[in-house]
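What follows is a short report on a single structure.
Values in this text are rule-based calculations from the coordinates and carry no lab data. Since the structure is predicted, the reported quantities are computational estimates derived from the model, not experimental observations. Counting neighbours? That spans all protein chains shown, and the Cβs are built from the backbone with ideal geometry, glycine included.
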Amino acid sequence: MSDAVPRVVIVGGGFGGLAAAKALRKANVEVTLIDRQNHHLFQPLLYQVATSVLSPGQIASPIRGILSKQRNTTVILGEVTGVDIGQRRVFVDSSDRSGVALEYDYLILATGASHSYFGHDEFEPFAPGLKSLADAVSIRNRILQAFEQAEAEEDPRRHRDLLTFVLVGAGPTGVEMAGAMAVLVRQSLRSEFRRIDPTSARIILVDAGKRVLGSFPETLGLAATRRLEKLGVEVRLGHAVDHVDGDGASVAGEHIASKTVIWTAGVAPSPAGKWLRTATDHAGRVRVQPDLTVTGHPEIFVVGDTASLDQDGRPLAGVAQVAMQQGRYAARLIRRRIEGQAALKPFRYFDKGTMAVVGKGFAVLHSGWIDLSGFLAWMAWAAVHLEFLGQSSLRISVFVQWVWLYLTGQRGARLIVNHHGSVTSPPHETEMRDAASKQRRAS
Ligand SMILES: Cc1cc2nc3c(=O)[nH]c(=O)nc-3n(C[C@H](O)[C@H](O)[C@H](O)COP(=O)(O)OP(=O)(O)OC[C@H]3O[C@@H](n4cnc5c(N)ncnc54)[C@H](O)[C@@H]3O)c2cc1C
């Protein structure tokens, strides 16, 4: 060790990184946590921001605030761009400096994952993914804007593509988004427009797989499909999306005209594997040892969505619980090494179960031998998500918002927020045509 007090650098303040930092709060180490965002994000509720149920501040908290009482921890807002394994340094870009070297004795990489368009990156501008708060707000803008455009549009033939929403990927995020959008259009928006009928909006959920929620037992996938169909969602399975552009998506040779395509399908890991120049799995995640370290580097740990580890012959899923348990494990192992105690047994994930919510008051839950769908599962889903929100203020505010939505159908954050400050935006095409036709009528 180069210093009397070992330096632990954690890259990423998501589920894995934050769990590791918290688990080191009583250790005799200097912790530096680096994240390119100033907030910890509760990704499982991102779809609720995208569908106007919650506002961004209800699912994210400043990392600095969460760790404010942890005297041995410094938080740095910056983007890590590489690792020098030999010199034990990471390189950090911040708003006014680039490539600043930061030395470590132990490194925990918890940099999560990003979208994958399965080799079709050209789809991205037309089919945004849902991974960050900015993504969620941008998708919320697009959805609400589509209704506003349709209301302003006098030509009813243009309503169809404006009010058709295509969701690509029928995993938990796609299913939850589709269900929440169905409730949004059929309940919250139904009586607020005069020229259009929001309930006529089409929500199409597309997946190349043969069923929705492929990682859940088949009966729960079927229960979710039935629920989605009851909510008016069109579920199209067995065909991948061939093409996406500004006019819509093509599926199995059919063009679906749509102004709003949302990508909830693929996940690509962060570039940590490239930084470390180490073995990765087919998806690019770093292959870690059973103690979550990188081969030949017992001082480097990789946890969460960036890591690849098999358990009982199957790769661990990219879920929050895996990341949190791995983050805590890495911290405990570092602490034991520093304190000269015996090593831990290999990491073993304890699976508490998985859940997905489908619209209002309905969820599916799989935990051990328990498979449940319906209202009870939804209650369990709500309780677990409130519990894991982490901060009491967020828990209370989200709970109140959910109760309000359940009772009244009113959403808390139906705002279109464009981030161009007070710059006057050019009038929209339809507004211009409206104005022109009014002038013609007047003259
Ligand atoms: C929409 C959505 C819904 C989900 N729903 C569920 C669910 O219901 N249940 C569930 O268990 N899981 C769910 N997940 C998955 C879960 O969120 C992830 O498995 C979990 O976040 C992984 O934790 P992590 O610590 O590996 O990464 P993350 O939580 O993604 O954290 C990574 C952090 O690293 C930071 N970072 C990345 N690169 C850099 C860099 N170069 N420099 C500095 N900082 C960097 C990021 O800003 C981020 O804060 C969902 C994911 C998404 C996207």
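Would you kindly derive the ³J(HN,Hα) couplings of region 391-401 from the backbone phi angles with the Karplus curve 6.51 cos²θ - 1.76 cosθ + 1.60 (θ = phi - 60°), listing them in order in whole Hz, with x for Gly and Pro?
My calculation for region 391-401 gives 10, 4, 4, 5, 4, 5, 5, 5, 4, 4, 4 Hz in order.
How much length is gained on full extension from S98 to E151, taking 0.36 nm per residue of separation minus their Cα-Cα distance?
14.4 nm
Can you give me the Kirkwood hydrodynamic radius for region 139-197, using every pair of distinct Cα atoms, in Å to one decimal?
12.3 Å
Only Lys, Arg, Asp and Glu count, each charged at its Cβ (+1, +1, -1, -1), so figure out the dipole size of region 101-172 about its Cα centre, rounded to 20 debye.
Magnitude of the dipole: close to 260 debye.
Starting from the amide H of V235, placed 1.01 Å from N in the peptide plane, find each other amide H under 5 Å away whose residue is 5 or more places distant or on another chain.
Those qualifying (amide H under 5 Å, at least 5 residues apart or on another chain) are L205.
Hand me the chymotrypsin sites (Phe, Trp or Tyr not before Pro) from region 1-110 located in a DSSP loop with no more than 10 other Cβ atoms within 10 Å, in residue order please.
Passing sites in region 1-110 do not exist.
Taking Cα atoms of region 149-250, Rg/Rh with Kirkwood Rh, to two decimals?
1.01
Rg to Rh for region 8-73: what is it, with Cα atoms only and Rh by Kirkwood?
Expressed as Rg/Rh, it is 1.05.
What do you get for Rg/Rh over region 114-160 if you use C-alpha atoms and the Kirkwood form of Rh?
Computed over Cα atoms, the ratio is 1.11.
Per DSSP H run of at least 4 residues, take -39500 (n - 2.57); add these up for the chain, divide by its residues and hand me the 222 nm value, nearest 500 deg cm²/dmol.
-9500 deg cm²/dmol
Go through region 261-269 residue by residue and turn each phi into a ³J(HN,Hα) via Karplus (6.51, -1.76, 1.60, θ = phi - 60°); whole Hz please, and just put x for glycine and proline.
Each residue of region 261-269 in turn: 10, 10, 9, 10, 8, x, 10, 10, x Hz.
Hey, got the Cα dimensions of region 187-247 along the principal axes, in Å, largest first?
42, 30, 12
Do any of K26/K345; K69/K274; K26/K274; K22/K352 go past 24 Å between their Cα atoms, and which?
K69/K274; K26/K274
Dipole magnitude of region 267-379 about its Cα centre, charges +1 at Lys/Arg Cβ and -1 at Asp/Glu Cβ only, in debye to the nearest 20?
The dipole magnitude comes to about 280 debye.
Quick check: the angle from helix 375-388's long axis to the longest principal axis of the chain, C-alpha only, nearest 10 degrees?
50 degrees
Using alpha carbons only, how many degrees (0 to 90, rounded to 10) separate the axis of helix 218-230 from the longest principal axis of the chain?
It works out to around 30 degrees.
Just to check, using Stokes-Einstein with a Kirkwood Rh over alpha carbon pairs, what's the diffusion coefficient of region 311-426 at 10 °C and 1.306 mPa s in µm²/s?
Using the Kirkwood radius from Cα pairs, D works out to 87 µm²/s.
Using amide H atoms built in the peptide plane, which far-off residues or other-chain residues are under 5 Å from L309 H to H?
Excluding prolines and chain starts, which carry no amide H, the hits are L316.
Treating each Cα of region 72-183 as an identical point scatterer and ignoring solvent, apply the Debye formula and state log10 I(q)/I(0) at q = 0.10, 0.11, 0.14, 0.21 Å⁻¹.
-0.53, -0.61, -0.81, -1.20
Could you give the size of the charge dipole of the chain about its Cα centre, using +1 on the Cβ of each K and R and -1 on the Cβ of each D and E, expressed in debye and rounded to the nearest 20?
1200 debye
Using modelled amide H (1.01 Å from N, peptide plane; none on Pro or chain starts), what sits under 5 Å from the amide H of V267, excluding residues fewer than 5 places away?
S116
Which whole-Hz couplings ³J(HN,Hα) result when phi for each residue of region 10-27 is put into the Karplus expression 6.51 cos²θ - 1.76 cosθ + 1.60, θ = phi - 60°, listed in order with x for Gly and Pro?
10, 9, x, x, x, 4, x, x, 5, 4, 5, 4, 4, 6, 9, 4, 9, 7
Positive end of the dipole of the chain, charges at C-beta (+1 Lys, Arg; -1 Asp, Glu), about the Cα centre: which of G112, V384, S61 has its Cα farthest in that direction?
V384
Give the peptides 293-300, 110-117, 390-397 in descending order of average Cβ contacts within 10 Å, highest first.
Packing proxy ranking, top to bottom: 110-117, 293-300, 390-397.
Taking the 0 to 90 degree range and rounding to the nearest ten, how far is the long axis of helix 172-183 tilted relative to the main principal axis of the chain, both from C-alpha atoms?
30 degrees
Could you tell me the largest-minus-smallest coordinate of the C-alpha atoms of the chain on each of the three principal axes, in descending order and whole angstroms?
The Cα atoms of the chain stretch 85, 53, 44 Å along the principal axes, largest first.
Using only the Cα atoms of region 1-155, build the gyration tensor, take square roots of its eigenvalues as a ≥ b ≥ c, and label the shape rounded, prolate or oblate: rounded if a/c is under 1.5, else prolate if a/b is larger than b/c, else oblate.
Judged from the Cα gyration tensor, region 1-155 comes out prolate (a/c at least 1.5, a/b above b/c).
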